[in-house]
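One structure below.
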Amino acid sequence: MKVDKEKFYGEVYDIVKEIPCGQITTYGQIAHLIGRPEYSRMVGNALKVVPRELNLPCHRVVNSKGRLVPFWQEQRNLLLKEKITFKKNGCADIEKHMWQL
C-alpha cells in the first residue's frame with residue numbers, strides 16, 4: 001500500500017515535537033506509533049528534511065541500537081546537554097533514557 005508522504009512526514013513531526021527533554025526514541029518507535037512499523041527508514045528520511053522553522057528536537061531520535069546520525073556531530077552535544085548518557089561504544093543508553101509513552 002502506497003503511503004502519502006506528506007501526511008506521513010506530518011505525523012512524524014507531530015510525534016517528534018512531543019519527545020521530552022532528557023529522553024530519546026527510535027525511528028522504529030516513531031514508525032510504530034504512526035501505525036507503520038515497517039517504515040522506520042522513511043521516518044529517517046522525514047527527519048532529514050524537517051523544515052527549520054518547525055524547530056523540532058530531532059536530536060532525540062536515534063536508531064534501535066542508540067547510534068547517532070553519522071556526520072552530525074552536534075547531535076551528541078545536544079544530547080549531553082540534556083543529560084543523556086552514552087555507553088562505551090558511543091551509543092546513547094536507550095534503556096536508561098527511552099521515552100515511555
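The values are calculated or read from the model by the stated rules, or taken from the named source; none is laboratory data. Bear in mind the structure is a predicted one, so any value in this text is a computation, not a measurement. Because the Cβ atoms are built from the backbone with ideal geometry, glycine has one as well, and the counts that use them run over all protein chains shown. Accessible surface is based on the protein model in full, side chains and every heavy atom, while ligands, DNA and RNA are left aside. Shrake-Rupley method; radii C 1.70, N 1.55, O 1.52, S 1.80 Å.
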**Message:** I'd like the full set of residues that are in a loop (DSSP other than H, G, I, E, B) and of a type in the set (D, E, K, R), limited to region 81-95.
**Reply:** E82, K83, K87, K88, D93
**Asked** Of all residues in region 83-94 being within 15 Å of the chain's Cα centre (by Cα) and either aliphatic (A, V, I, L, M) or open to solvent by 50 Å² or more (accessible area, probe 1.4 Å) (or both), which is farthest from G44 (Cα to Cα)?
**Response** I84
**Asked** If only one of L78, L47, L33 is in a helix (DSSP H, G or I) and either in contact with a His (Cβ under 6 Å, 6 or more places away or on another chain) or of a type in the set (K, R) (or both), which one is it?
**Response** L78
**Fill in**
Scanning region 13-34 residue by residue, those closer than 22 Å to N77 by Cα, open to solvent by 40 Å² or more (accessible area, probe 1.4 Å), touching a residue at least 12 places away in the same chain (Cβ under 8 Å) and out of contact with any Pro (no Cβ under 8 Å at 6 or more places or on another chain) turn out to be P20, Q23, Y27
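So that you can scan it fast, the table gives a plain yes or no per residue for (1) open to solvent by 60 Å² or more (accessible area, probe 1.4 Å); (2) on the phi > 0 side of the Ramachandran plot; (3) basic (K, R); (4) touching a residue at least 24 places away in the same chain (Cβ under 8 Å):
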residue: K7; (1), (2), (3), (4): yes, no, yes, no
residue: R36; (1), (2), (3), (4): no, no, yes, yes
residue: G44; (1), (2), (3), (4): no, no, no, no
residue: F71; (1), (2), (3), (4): yes, yes, no, no
residue: K81; (1), (2), (3), (4): yes, no, yes, no
**Prompt:** Looking at region 51-68, which of the residues that are open to solvent by less than 50 Å² (accessible area, probe 1.4 Å) and aliphatic (A, V, I, L, M) is nearest to the chain's Cα centre (by Cα)?
**Reply:** V61
